[in-house]
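Trainee: Here's a structure for you.
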Amino acid sequence: MTDRPQTPLLDRIAGPADMKPLTDRELRQLAEELRTETIWSVSQTGGHLGAGLGVVELTVALHAVFDTPRDKLIWDVSHQCYPHKIITGRRDRMTTIRQKDGLSGFTKRTESLYDPFGAAHSSTSISAALGFTMARELGAEGVGDAIAVIGDGALSGGMAYEALNHAGHLEKRLIVILNDNEMSIAPPVGAMSSYLSRLYAGAPFQDFKSAAKNAVGFLPPPLQEGARRAKEMLKGMTVGGTMFEELGFSYLGPIDGHDMDQLMQVLRTVKVRATGPILIHAITQKGKGYAEHRADRGHATAKFDVSTGEQKKAPSNAPSYTKVFAQSLMQEAEHDDRIVAITAAMPDGTGLNLFAERFPARCFDVGIAEQHGVTFCAGLAASGMKPFAAIYSTFLQRGYDQVVHDVALQNLPVRFAIDRAGLVGADGATHAGSFDIAYMANLPNMVVMAASDEAELRHMVATAAQHDSGPIAFRFPRGEGVGCEMPERGEPLEIGKGRIVHEGERVAILSFGARLQEIETAREALIARGLSPTVADARFAKPLDRDLILTLAREHEALVTVEEGAVGGFGSHVAHLLAEEGVFDTGLRYRSMVLPDAFIEQAGPRDMYAQAGLNAEDIEARVLDVLGVETLSRRA
């Protein structure tokens, strides 16, 4: 383990109040120490590194100038919040980040008064900050300024523009800092990225800052005369104001987000003189000071050696579900040139970076814009193409109205590849794929599948590629597969048909999704107790395999369903079928094992499933309970 670095000035900081007496020179030193501490902390635990390193100076400057927590500092997405946590009283707990009972990897209201608004999904900060702003205007106690820090990648989310437009209309004092590092999880795409680049390309920061309409009045007096001359010099190079000014904001920038002197001057002036909404455009480097030259700028990392950067990852014996999906999709695309792939700023995370290398003209990254991505797919499908929308379960929630109205209602054959289904581990509740079974399976026209292993996933990709009569979704978990034998190419499944995995007696366990391996383990334990349950893989939550379910109900005393999803999903649909068919009147004992009605905090996946009661021992106990211990004892 690398020794903790010496940070004499940071050692004196228990909270932002301790920063107020520091000189600007000491604040520069504090920023250097904070960067070193952030690198060391993440090396011990793994986590999000690059975003935090890009805002170290900005974090110090904001807490030094503003009066947090009265002033509400809101980090969009909050991948970049590690330095913020270190200097807001959580330094001694940073080695617990993203671990069971430890600190969250994101801002979290219940964790600290310095986290006024929780995050983890993108493009929410300006809306939240405007809410705090208007609460202040309406007399809410304990609310000062509201400062939203949003990245250029997050600015591609439409919600951010809705908030900017509303804030410009209200004309109240609101501070938005655009943290422009040109490097969100994937390189920012689209016209907005190009627009931001043009604001500063080819000219010094100060020249463009000075040229920005209305910016001169916010500069310190010594700079104002030079700024007017710069503006006059550049008047032939600029056309009107910026887009932000058209939305009602005073625009200031771009400024160097790593220049503490410039940051402190600008923030102090804004704090004193700003009246309406203002946007400060700060240019930063993701991974600054350690990982800026890496391809991903250190976005997310396992534990690593600080001196070498070598990550300490556990060896992998099976392919990841994500890689199996990507490879299977490429196989199908080789045989069908109508197949196209769509991601929302997550090409690496969804495996579509591999697809893009092979089929660059048939892969589209829409940016952090799930709503647009879903409707874009609907348009492609309406034109006869075969779009695969590869979106994490938790992010697809953001495009749900479009799934309902633009896809399902029009019965368009969009294929939804739902990655990160179920509980995901260190990212916790904000990234858990808990609800997609329920929110997809309740839609008319929708077909919903779940893979029990990586071979089944390959078959489901082939099924989706062939299915052209309406929308279809298939879900799969994060991480490695189970190491099963893989077919060379997927074979389309019969829609709505499951399979018997093991024949047994008395009780049937009906699995939907990746808990099948835990069910197998539970079955072995039950066999040791003298009970041999039937095990079935439903494959489909919609349409249900009526024949399979009713046969299991007719031939067994009890039926237990198991799924990695919330109540209202597969088990609820099975219960509805059994009730409508009058099966419960015959005395069938039925239990549904689902995720609990609670948000489960971060931990290792097995610990999270233990909390959810969905591991093998929990399944074994539920089977014993539904049959009755006395009945089992007599049989044993």
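Trainee: Can you tell me the accessible area per residue over segment 51-163, all protein chains present, probe 1.4 angstrom, in square angstrom?
Mentor: 30 Å²
Trainee: With all protein chains present and a 1.4 Å probe, how do Lys172, Lys313, Lys286 order by accessible area, largest first?
Mentor: Values: Lys172 75, Lys313 145, Lys286 10 Å².
Accessible-area ranking of Lys172, Lys313, Lys286, largest first: Lys313, Lys172, Lys286.
Trainee: I've got another one for you. Name the residues whose placed amide hydrogens come within less than 5 Å of the amide hydrogen of Gly105, ignoring near sequence neighbours (fewer than 5 apart) on the same chain.
Mentor: Arg98
Trainee: Now, a different point. For the chain, with the dipole built from +1 on Lys and Arg beta-carbon atoms and -1 on Asp and Glu ones, taken about the Cα centre, which of Ala128, Ala616, Ala146 lies farthest toward the positive end?
Mentor: Ala146
Trainee: Still on this model: Checking the a/c ratio against 1.5 first, then a/b against b/c, what shape does the Cα gyration tensor give for segment 145-184? Show your work: numbers first, answer last.
Mentor: Numbers: a/c = 3.41, a/b = 1.57, b/c = 2.17.
Note, shape of segment 145-184 comes out oblate.
Trainee: Tell me whether segment 526-611 comes out rounded, prolate or oblate; compute the Cα gyration tensor, take square roots of the eigenvalues as a ≥ b ≥ c, and use a/c under 1.5 as the rounded threshold.
Mentor: On the way: a/c = 2.16, a/b = 1.42, b/c = 1.52.
Oblate shape, in that a/c is at least 1.5 and b/c is the bigger or equal ratio.
Trainee: Continuing with the same structure: Between helix 24-45 and the chain, what is the angle of the helix's C-alpha long axis to the longest principal axis, kept within 0 to 90° and rounded to the nearest 10?
Mentor: 10 degrees
Trainee: Might you work out the accessible area of Arg529 for me, using a 1.4 Å probe with all protein chains in place, and round it to the nearest 10 Å²?
Mentor: Arg529 has an accessible surface of roughly 120 Å² with all protein chains in place.
Trainee: In addition: By its C-alpha gyration tensor, with a ≥ b ≥ c as the square roots of the eigenvalues, how is segment 365-495 shaped: rounded for a/c under 1.5, else prolate for a/b larger than b/c, else oblate?
Mentor: Numbers: a/c = 1.79, a/b = 1.14, b/c = 1.58.
Oblate, since a/c reaches 1.5 and b/c is not below a/b.
Trainee: Quick one: angle between helix 454-466 and the longest Cα principal axis of the chain, in degrees between 0 and 90, rounded to 10, please.
Mentor: Approximately 80 degrees, to the nearest ten.
Trainee: Now, a different point. Tell me, how many Å apart are the Cα centres for segment 485-507 and for segment 23-76?
Mentor: So the two Cα centres are separated by 52 Å.
Trainee: Can you give the % of DSSP beta bridges in segment 270-390 that are antiparallel, to the nearest 5? Walk me through the intermediate numbers first.
Mentor: Working: 1 of 9 bridges.
Among the beta bridges of segment 270-390, antiparallel pairing accounts for roughly 10 percent.
Trainee: Using the Cα centre of the chain as origin and beta-carbon charges of +1 (Lys, Arg) and -1 (Asp, Glu), tell me which of His166, Ala14, Leu352 is placed farthest towards the positive end of the dipole.
Mentor: Highest projection toward the positive end goes to Ala14.
Trainee: Between Ala558, Ile437, Gln80, whose Cα lies farthest towards the positive end of the dipole of the chain when Lys and Arg beta carbons carry +1 and Asp and Glu beta carbons carry -1, centred on the Cα centre?
Mentor: Gln80
Trainee: A follow-up question, please. For n ≥ 4 DSSP H runs only, could you compute -39500 (n - 2.57) per run for the chain, divide by its residues and tell me the 222 nm figure to the nearest 500? The partial results should precede the final answer.
Mentor: Values: 24 runs with 239 residues, N = 636.
Value at 222 nm, helices only: -11000 deg cm²/dmol.
Trainee: Cβ neighbours within 10 Å, averaged per peptide: list 422-435, 70-83 in order, most packed at the top.
Mentor: Numbers: 422-435: 23.1, 70-83: 26.0.
Highest to lowest by the protection proxy: 70-83, 422-435.
Trainee: Using each residue's phi in segment 96-105, evaluate 6.51 cos²θ - 1.76 cosθ + 1.60 at θ = phi - 60° and report the 3J(HN,Hα) Karplus result to the nearest Hz, with x for Gly and Pro.
Mentor: 9, 5, 6, 10, 3, 6, x, 5, 6, x
Trainee: Take peptides 98-106, 15-23 and line them up by average Cβ neighbours within 10 Å, highest first, as a rough protection proxy. Spell out each step's value before the answer.
Mentor: Values: 98-106: 20.0, 15-23: 14.1.
Averaged packing, sorted descending, gives the order 98-106, 15-23.
Trainee: Which far-off residues, 5 or more places away or on another chain, put their amide H under 5 Å from the one on Ala146, with H placed in the peptide plane?
Mentor: Under 5 Å from the amide H of Ala146: Lys72, Ile175.
Trainee: With the cut-off at 25 Å, tell me which of the pairs Lys108/Lys323; Lys20/Lys172; Lys72/Lys271; Lys288/Lys323 have Cα atoms farther apart than that. The partial results should precede the final answer.
Mentor: Values: Lys108/Lys323 32 Å; Lys20/Lys172 27 Å; Lys72/Lys271 13 Å; Lys288/Lys323 30 Å.
Exceeds cut-off: Lys108/Lys323; Lys20/Lys172; Lys288/Lys323.
Trainee: Would you mind computing Rg(Cα) / (2.2 N^0.38 Å) for the chain, counting N as its residues?
Mentor: Values: Rg = 27.2 Å, N = 636, 2.2 N^0.38 = 25.6 Å.
The chain yields a ratio of 1.06.
Trainee: Working with all protein chains in place, sort Lys386, Lys303 by solvent-accessible area computed with a 1.4 Å probe, largest first.
Mentor: Values: Lys386 15, Lys303 100 Å².
Result, largest first: Lys303, Lys386.
Trainee: Run the accessible area of the chain with a 1.4 Å probe and give the carbon-and-sulfur part as a rounded percent.
Mentor: Details: 12690 of 25140 Å².
The C+S portion of the solvent-accessible surface of the chain is 50 percent.
Trainee: So how much slack lies between Gln517 and Glu162, counting 0.36 nm per residue of separation and subtracting their Cα-Cα distance, in nm?
Mentor: Values: separation 355, 0.36 × 355 = 127.80 nm, distance 4.51 nm.
Residue separation times 0.36 nm, minus the Cα-Cα distance, leaves 123.3 nm.
Trainee: Still on this structure, please answer the following. Compute, for the chain, the length of the dipole vector about the Cα centre, with Cβ point charges of +1 (Lys, Arg) and -1 (Asp, Glu) only. Units Debye, rounded to 20.
Mentor: On the way: 64 positive and 81 negative charges, 280 e Å.
It comes to approximately 1340 debye.
Trainee: Can you tell me the FRET efficiency between Glu357 and His502 if r is taken as the Cβ-Cβ distance and R0 is 25 Å, rounded to the nearest 0.05? Numbers along the way, then the final one.
Mentor: Numbers: r = 41 Å, r/R0 = 1.63.
Efficiency, from the Cβ-Cβ distance: 0.05.
Trainee: Using modelled backbone amide H atoms (1.01 Å from N, in-plane), which distant-in-sequence or interchain residues come within less than 5 Å of Val447's amide H?
Mentor: Ile472, Ala473
Trainee: May I ask you to order 362-374, 125-137, 588-600 by the average number of other C-beta atoms within 10 Å around their residues, highest value first?
Mentor: Taking the mean over residues of other Cβ atoms within 10 Å, the ranking is 362-374, 125-137, 588-600.
Trainee: Based on alpha-carbon centroids, what's the gap between segment 139-153 and segment 399-445 in Å, whole number please?
Mentor: 31 Å
Trainee: While we're here: To the nearest 10 degrees, how steep is helix 191-200 against the longest Cα principal axis of the chain, on a 0 to 90 scale?
Mentor: 20 degrees
Trainee: By how many nm would the segment from Arg338 to Ala525 lengthen if fully extended, with 0.36 nm per residue of separation less the alpha-carbon distance?
Mentor: Working: separation 187, 0.36 × 187 = 67.32 nm, distance 4.76 nm.
Residue separation times 0.36 nm, minus the Cα-Cα distance, leaves 62.6 nm.
The values are calculated or read from the model by the stated rules, or taken from the named source; none is laboratory data. Being a predicted model, the structure only gives us computed values, none of them experimental. Quick reminder, even Gly has a Cβ in these numbers, built from the backbone with ideal geometry, and neighbours come from all protein chains shown. Ligands, DNA and RNA are excluded from the accessible area calculation, which covers all protein heavy atoms including side chains. Shrake-Rupley method; radii C 1.70, N 1.55, O 1.52, S 1.80 Å.
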